[in-house]
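Presented below is the structure to which this report refers.
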Amino acid sequence: MSGESASPHSSAGLSPTTLVHTGSKRVEQVTIDVLNYDEAGFDHYQTMRADELAGVPADPRVTWIRVEGLHDVETISVVGDQLGIHPLLLEDILDCRQRPKFEEYPQHLAIIIKWFAWEAGSGELATRQVSVMLGDGYVVTFEEEPCPAFEQVFRRIVSGAGRIRRMDGDYLAYALIDAVVDSYFTVLDDLEDRLDLLEDQVLNEGARDISSDIQSMRRALIFLGGLLRPIRDAVDAFHHSDTTLITESMQAFMRDLRDHMYYVFDAAQTLRETVPVLTDVHLAAMANRTNEVMRVLTIIATIFIPLTFIAGVYGMNFHHMPELPLPWAYPVVLGVMGVVATAMLAYFRRKRWL
């Protein structure tokens with residue numbers, strides 16, 4: 001499965017809070033979008049200067065600061081300084097091999113999760129890291145590359161659709177995480193469709209050997225399950241967080257988010273459990289097709305045994321064989337061989353061996 005490639009730089013031996021990016025460069029340049037909104041309207045602008053964020057969260061409206069790209073450590077460090085993000089949290093945000101987790105600090109809390117996509121070239125499941133940090137009236141997101149699920153939330157804010165413009169920053173954090181979790185359903189549907197296709201191929205008697213395809217699907221589901229478990233735990237911790245940053249009115253939404261995540265995890269486990277069954281069916285089908293081939297070959301060989309015997313007898317070079325001089329001997333022998341073969345075929349069909 002395609003995950004994050006290791007950085008040429010290593011954090012081994014470095015002191016804690018040393019910022020090192022351990023991932024791939026997914027975008028050309030780090031960009032920062034600032035979106036301020038309330039029920040009356042919104043303001044949006046984009047910048048590449050992290051030092052322009054000073055005082056941004058002080059806006060009385062809900063503020064979403066969206067950082068796209070993590071490879072520029074210096075820019076991320078300035079963002080952290082301007083927004084008062086804990087250095088240990090910044091270290092986790094830059095580590096794209098980071099296990100999904102939930103972190104809580106006095107001034108903010110954060111959840112680091114993954115979103116999934118199929119890579120067109122390799123046909124494998126790839127991951128991208130996103131981090132959602134909730135502060136007092138503002139949300140900061142860090143994306144390895146632009147997350148499609150976040151784009152949906154952005155369009156909802158701009159269009160004023162739903163309740164999002166009437167809600168506080170904790171609802172924005174919930175909406176962003178919920179959008180990522182909902183995207184998992186698309187991945188699961190795709191995996192289920194692929195499994196259905198493999199099942200159809202297994203049951204098709206003329207299908208090729210698809211053992212490698214089944215094993216690729218097995219690796220994808222193991223890879224997915226290994227990440228969904230800590231994501232589920234992170235979402236659960238986010239739901240049970242005892243913080244004033246999440247209001248009481250958000251509890252129903254948080255429970256719904258947790259339930260969605262549990263459903264996704266259980267669905268992924270169910271799909272994973274179908275792979276061994278599919279493997280057994282495939283092996284049984286391959287063995288059955290082999291048996292069918294062997295049965296046909298055995299029948300053919302059995303039919304030729306008496307024919308070969310007859311041909312062998314009359315192929316002996318003895319001078320005193322009474323039938324050889326007779327003019328009708330050759331067609332009679334051929335006729336006998338034909339009758340024997342036909343009788344054997346009729347017998348095999350009667351026994352349902354054909």
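Each reported figure results from applying straightforward, stated rules to the coordinates on display, with no laboratory input. All of these numbers come straight from a predicted model, not from anything done at the bench. Cβ coordinates were reconstructed from backbone atoms using ideal geometry, including for glycine residues, and neighbour counts include every protein chain displayed.
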Which aspartates and glutamates have a Cα less than 18 Å from the Cα of K351, not counting those fewer than 8 places away in the same chain? E292
Of [x] 19.6, 55; [y] 20.9, 67; [z] 34.2, 119, which is the value of Rg and Dmax of the Cα atoms in Å derived from the coordinates here? [z]
Angle in degrees between helix 73-83 and the longest Cα principal axis of the chain, rounded to the nearest 10: 50 degrees
Roughly what angle does helix 251-313 make with the longest principal axis of the chain, taking Cα atoms, 0 to 90 degrees, to the nearest 10? 10 degrees
Cross-link partners of K114 among lysines (Cα-Cα below 28 Å; sequence separation of 8 or more within a chain): K25, K101
Segment 308-354-segment 165-220 distance, computed between alpha-carbon centres (Å): 62 Å
Filtered trypsin sites (Lys or Arg not before Pro), segment 166-242: DSSP coil and at most 16 other beta carbons within 10 Å: R208
Please give the helix 169-203 orientation as an angle from the longest Cα principal axis of the chain, in degrees from 0 to 90, rounded to the nearest 10. 0 degrees
With the contact rule set at Cα under 8 Å and sequence spacing of 6 or more, what percent relative contact order holds for the chain? 14 percent
